Amino acid sequence: MFFSQLGYYSLIFGLIFSFLLIFVSYKDLKIINHSINSKIISFVFFQLFFVFLSFICLIISFINSDFSNVTVYNNSHTTKPLFYKISGSWGNHEGSLLLCLLVLTLFIFIFLITSKKEPKKFRIITLLFQQIIIIGFFLFLLITSNPFSYLFPIPKEGLGLNPILQDPILAIHPPILYLGYIGSSIIFSSSLAAITQNYVNNKWAKNLKSWTVISWFFLTIGIMLGSIWAYYELGWGGFWFWDPVENISLMPWLCLIALIHSVIVLEKRSQLASWTLILCISSFTLSMSGTFLVRSGILNSVHTFANDPKRGIFILIFLFILILISIFIFFIFYKPITKDQKNFLYSRETSILINNWFMMYFLSVILIGTVYPIFLEVIADEKISVGPPFYNKLLIPFLIPFLILMAIGPNIKWIQDDIKLFNLRLIFLFLISVLISYFVLIIIGLNGLFTTFLIGVALYLLVTTISDFFIKKKINLSQKISHFGFSLLILSIILNGIFSSEISTNIKVGEKYKFKHGIIYFEEVKNFKKQNYISVVTTFRIKEDNKKEIFLKPELRIFNQPENITSEADIKINFFSDKFLVVNLVKGNEYYNIKYQTKPFMIWIWLSTIILASGGLINFFQRKLNEK
Amino acid sequence: MYGKKVKLRVLFIFLLLISVILSIFLILKSLEENVVYFLSPTEIKNLSEVKNNKIRIGGMVKNKSIMINSDKITFVITDFKNEINVIYFGSVPNLFSEGKGVVAEGFLKDRNFLIAEKILAKHDENYMPPEVTEALEAK
């Protein structure tokens, strides 16, 4: 009770600070000096403090199982383990928005204290734009999704958290993902501020790059965590399903990659300024549109909480205002850099521009595939879905030129390179890679020109990156690591796709099932009573030809509150291949429905994603070190 | 008449436009080929012809219709007006049970019979396909 009240009033105080900040900053803009008014920084701190307090209050309400709070009542239960009581506080619509708001206020605070070298007006105007976003979130919370709504009479027991969300990885997946999504808000505000201050130059680009790589890092890790979770919890045994919810996280991700590259050109050569600005604005807009599509209930998924049309309309209006503001500022205030520089076709700049084009192509494929079904439903009242074949067909062929260019690009010099000096090493490596891929495929007993080339070019990127690393004197470590990670990722995905196999059958306890390469024995079923569910542990013995016998114990969890069954796949993780077994029970039937999968290189997919992301992190810290 | 720079720029914009148009054309073309339509049992009964493309059917699993043996699962999807028999070889999601909402993806044999490749049930105990909600309200 008390904490709900405290949390609610802290939110209102936080909102009041927003208005105070706008007022103080406006006054401070007129004063010409170098440092910003210290009041501003302390106000930003107070705002952060109040939002943080409010967030803590929500967590305490969850820990205390205070069912007078509607959010707690809807998403918690007294028998739930403490860990999930805490993570449950952001595992719902209201709480997750509060977390977003917390990250928004945290980031603007960090921006202010780390940008002391930047011009004063630029900092203040960034703050003002960020406050517009923050006010939008405050109003959204307070008007349509108050996390501290009061419920009377107070129920004895809550409704419980959706059992599939009761998972350690899913507890940290939202906070990390938000760090990525919301990080792009700073990119958005600071780009608008830079436009109004005519500050779109290489100095600004330096500051922007840090925010871009760090947002991208968190977004990558956040997406990966969601993917790992889907792998073992949803029981489908894959890592990516081209589900609309996955797609909307991939769009800002691609946009940020394009931005990471184009901002280098702005930093080093003062070019591509307008393009970089457009990317800055779109990456945040795409993040917000994602929120809109998921939260309005237009896309049905785990992320859809109780639908309320008011929420959808609110986000839509908010999104509309943000887009209008940015378009207005971009067209009214923006003065392009007019430096007469010579451009040459064969240069690093061009290669980065081509990277950006590819990114935009990938992005538009995903955008159209995700949004088209929604439009068709509204316009023609037809319900359709766009599945993996669409994306595979449109994306995979373009990976071949993309990967080749990705290998060559970093070897081209800035400004202008000489085609004659185009080096033999690169051509040699290319031939070697394609040959290796060809022979490996023959040994495995597969063929196909397309697969040979696809694996060949992925290998090409891999060996080129490694050879660059050893040959070049001055290397860009973070780039090499990220490119290396990416080539490894693509290779693991291709091999995983080619060699995955799956068997599914229905089987009774004590029976055995023969398949092409072995036998599955269903040994036993045991029930255990756990804190808030009944655990049904099944034991399977699997003997595959020429391999050691393995035991897999997939589990079913039967929850009472809310009534639900989840299956926990049992996965034997191996360096080269995962053995994945998941069991399902059809109500009122003695048959167990099992799915046994062999998933090669699964662990490589996660590892290479971590390598890919760590490149971003390394870049961030290198920059911080260089500044000192 | 125009400088080299202007010519280069025009060429650049021209190339950009062409590649944009080409890629949009490509995207729309494969969209057409790879779309999966979502239908209710009633809509299937009213189809003029049974085509050979992949579809999704949404509805409720009819009570006492699930039959399982060692290699297949058969059940009936109903929207309380019409029914479709489904045969499926593969693994089912956890929340697949009688009286609950379900979506089956596969190929139609005829107007009464679907060979499913994939069964989807949502991850929430309260989920019901929108078509079924409408059908229930109409009842």
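The values are calculated or read from the model by the stated rules, or taken from the named source; none is laboratory data. Just so it is clear, the structure is predicted and the values come from calculations on it, not from any experiment. For neighbour counting, all protein chains shown are included, and Cβ atoms are generated from backbone atoms with ideal geometry for every residue, glycine included.
Of the residues making up the range A:603-619, none is within 14 Å of another protein chain (Cβ to nearest Cβ) and either in contact (Cβ under 8 Å) with a residue 24 or more places away in the chain or assigned to a loop (DSSP other than H, G, I, E, B) (or both).
When the range B:73-93 is filtered for residues that are more than 11 Å from chain A (Cβ to nearest Cβ) and either assigned to a strand (DSSP E or B) or of a type in the set (A, V, I, L, M) (or both), the ones remaining, listed by number, are B:Thr74, B:Val76, B:Ile77, B:Thr78, B:Glu83, B:Ile84, B:Asn85, B:Val86, B:Ile87.
Residue by residue through the range B:85-117, note down the ones that are surrounded by fewer than 19 Cβ atoms within 10 Å (Cβ to Cβ) and touching a Gly at 6+ places or on another chain (Cβ under 6 Å). Residues satisfying the conditions are B:Ile115, B:Glu117. When the test is whether a residue is over 30 Å from A:Ser190 (Cβ atoms) and either of a type outside the set (Asp, Glu) or touching a residue at least 40 places away in the same chain (Cβ under 8 Å) (or both), A:Pro336 does not pass it.
Restricting to the range A:113-137, what's the tally of residues that are assigned to a helix (DSSP H, G or I) and either free of Cβ contacts under 8 Å to residues at least 40 places away in the same chain or closer than 27 Å to A:His173 by Cα (or both)?
Number satisfying all stated conditions: 9.
The condition of being facing another protein chain (nearest Cβ under 7 Å) and farther than 13 Å from A:Asp243 by Cα holds for only one of A:Leu394, A:Leu403, that being A:Leu394.
For the range A:519-556, a tally of residues being surrounded by 12 or more Cβ atoms within 10 Å (Cβ to Cβ) and farther than 18 Å from A:Asn593 by Cα returns 7.
Give me the residue from the range B:41-72 that is of a type in the set (Val, Ile, Thr) and either touching a residue at least 24 places away in the same chain (Cβ under 8 Å) or over 20 Å from A:Asn593 (Cβ atoms) (or both) and, out of that set, farthest from the other protein chains (Cβ to nearest Cβ).
My answer is B:Val50.
Quick check on the range B:12-30. Is at least one of its residues within 27 Å of the chain's Cα centre (by Cα), among the β-branched types (Val, Ile, Thr) and away from every other protein chain (no Cβ under 13 Å)? So far as the range B:12-30 goes, no, none of its residues is within 27 Å of the chain's Cα centre (by Cα), among the β-branched types (Val, Ile, Thr) and away from every other protein chain (no Cβ under 13 Å).
Among residues of the range A:419-460 being polar (S, T, N, Q) and surrounded by fewer than 17 Cβ atoms within 10 Å (Cβ to Cβ), the one that is farthest from A:Leu399 (Cα to Cα) is A:Asn423. You will find that of A:Asp545, A:Asp578, the residue that is modelled with pLDDT under 90 and away from every other protein chain (no Cβ under 11 Å) is A:Asp545 and no other.
A count restricted to the range A:138-188 and to residues that are crowded, with 21+ Cβ neighbours inside 10 Å, aromatic (Phe, Trp, Tyr) and in a loop (DSSP other than H, G, I, E, B) stands at 1.
Does A:Pro410 satisfy the criteria of being within 12 Å of chain B (Cβ to nearest Cβ), out of contact with any Pro (no Cβ under 8 Å at 6 or more places or on another chain) and at pLDDT 85 or above? No, not satisfied. Checking each residue in the range A:351-384 for being touching a strand residue (DSSP E or B) at 6+ places or on another chain (Cβ under 8 Å) and away from chain B (no Cβ under 11 Å) picks out only A:Thr370. With respect to B:Ser30, is the statement that it is without any contact (Cβ under 8 Å) to a residue 24 or more places away in the chain, more than 17 Å from A:Glu382 (Cβ to Cβ) and small (Gly, Ala, Ser) true? Spelling it out, B:Ser30 is indeed without any contact (Cβ under 8 Å) to a residue 24 or more places away in the chain, more than 17 Å from A:Glu382 (Cβ to Cβ) and small (Gly, Ala, Ser). Only one residue in A:Gly497, A:Gly485, A:Gly456 is out of contact with any helix residue (DSSP H, G or I) (no Cβ under 7 Å at 6 or more places or on another chain), of a type outside the set (A, V, I, L, M, F, W, C) and in a helix (DSSP H, G or I). Which one? After ruling out the rest, the residue left standing is A:Gly497. Apart from one condition, A:Leu403 fits all of (1) under 25 Å from A:Ser262 (Cα atoms); (2) among the hydrophobic types (A, V, I, L, M, F, W, C); (3) buried (at least 16 other Cβ atoms within 10 Å of the Cβ); (4) at pLDDT below 90; the exception is (4). Of all the residues in the range A:486-542, those that are within 14 Å of chain B (Cβ to nearest Cβ), touching a residue at least 24 places away in the same chain (Cβ under 8 Å) and small (Gly, Ala, Ser) number 2.
A single member of A:Phe55, A:Phe45, A:Phe67 is surrounded by fewer than 17 Cβ atoms within 10 Å (Cβ to Cβ) and touching a helix residue (DSSP H, G or I) at 6+ places or on another chain (Cβ under 9 Å), and it is A:Phe45. Could you check, for the range A:508-531, whether at least one of its residues is outside any loop (DSSP other than H, G, I, E, B) and in contact with a helix residue (DSSP H, G or I) (Cβ under 9 Å, 6 or more places away or on another chain)? No: zero hits. Got at least one residue in the range A:137-144 being at pLDDT below 90 and either more than 22 Å from A:Gly180 (Cβ to Cβ) or among the aromatic types (Phe, Trp, Tyr) (or both)? Within the range A:137-144, one or more residues are at pLDDT below 90 and either more than 22 Å from A:Gly180 (Cβ to Cβ) or among the aromatic types (Phe, Trp, Tyr) (or both).
Exactly one residue among A:Leu324, A:Leu316, A:Leu293 is farther than 25 Å from A:Phe218 by Cα, at pLDDT below 90, more than 14 Å from chain B (Cβ to nearest Cβ) and in a helix (DSSP H, G or I), and that residue is A:Leu316.
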